[in-house]
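Peer 1: The structure that follows is given in the form of structure tokens.
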Amino acid sequence: MQVNPDSVRVVCGEDSVIVDVQQDLLAIGQLINASDITFGGCAPTGQDASGTMTSDALVYSFALIYTPSGINGSPIVRTNGAVVGIECHYLRKQNVSSNALVPTWIPYYATMAAEAQLNFSLRLMDDAWQNERASNVYFLGNVLNIEASVLVGNSQPLRVFVDSCVATLVPDVSSVPSYAFVQNSGCLTDAKVTGSHSQFLPRKQDDKLQLQLDAFRFSQDGRSSMFITCSLRATVASVPVDSQHKACSFSLAANRWMSVDGNDQVCGCCDTSCGPAGVAGAQGTGVLGPITVQQGPPMGSQPGQLYMLKG
């Protein structure tokens, strides 16, 4: 189900961007509610001042997000969500005179790519990160390779983030005990809290994010299985990362936070508060489990060797 290209009209002005959205956004006769539309994290008429620069143009990138709410207050929906990527390109011109150079920004064109449904995925991967792991059984001392990804048809490139992750003994994220190891819109806190080697790995592609988590068990509880629930988010890849859209690990060797996307400054809020999560971008949830973590490998095994357990 794709967004009807004629349902969205964009006007790139000198100091504003106007986006008109038809109520029949998906061209299926199902009218959307205005309250279900956000533009750069704001109301539909909001303006996002973030931008990038090329040799010929200043480029402003936005994400128009449609997240359907329950029909008439009910817990059901009958339409998919949608993400519309919008770019406004402004030619760079300068007038030379006795005065200082003053740039003049002229509206050039707007490009838009739309796709109705984003598919988020959260998987346990093998050591080579090539295939999904055949077994969910680990031992203390092993490492969990967790890969978050987002897949969308012919949309412009997207970048995926892990906003938060919590481990629980049952699928209910509000249950006790629980352990949140990713917090604050993408801060992987496990290494700083426990001294582990847990980390986000450097990105190989924008639509995937790899996380290594040292295996653990809950203390004072005999159950060996757990569930991991993560909140995932995707934004247009051309939009720069910021404090609400980041992937930060704590380096014990360097004693500081580091971003997998190269801009460590966005991690500066990881020890305090990074503000409200998810101010822009499409959102999804991934659940792993049950994951079994045994106390230790059988006697005589090699370090890191995995065993299939039969119950």
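The values are calculated or read from the model by the stated rules, or taken from the named source; none is laboratory data. Bear in mind that the values here come from a model prediction, so they are computed numbers and not experimental data. Here the Cβ is made from the backbone with ideal geometry for all residues, glycine too, and neighbour counts use every protein chain on show. Surface areas here come from the heavy atoms of the whole protein model, side chains and all, with no ligands, DNA or RNA. Shrake-Rupley method; radii C 1.70, N 1.55, O 1.52, S 1.80 Å.
Peer 1: Please report the accessible area of Tyr66 (heavy atoms, 1.4 Å probe, ligands and nucleic acids excluded) in Å², nearest 10.
Peer 2: That residue has around 10 Å² of solvent-accessible surface.
Peer 1: Rounded to the nearest 10 Å², what accessible area does Ser16 show when all protein chains are kept and the probe is 1.4 Å?
Peer 2: 40
Peer 1: When ranked by the protection proxy of mean other Cβ atoms within 10 Å per residue, highest first, what sequence do the peptides 157-166, 176-185, 251-260 form?
Peer 2: 157-166, 176-185, 251-260
Peer 1: What's the ranking of 265-271, 283-289 by average number of surrounding C-beta atoms within 10 Å, highest first?
Peer 2: 265-271, 283-289
Peer 1: If you don't mind, there's one more thing I want to ask. Could you check the simple spin-label distance between Phe218 and Tyr179, using points 7 Å along Cα→Cβ, in nm with one decimal?
Peer 2: Distance between label points: 1.1 nm.
Peer 1: Something else now. Starting from 0.36 nm per residue, how many nanometres of slack lie between Thr67 and Leu151 once their C-alpha separation is accounted for?
Peer 2: Fully extending the segment from Thr67 to Leu151 adds 28.5 nm.
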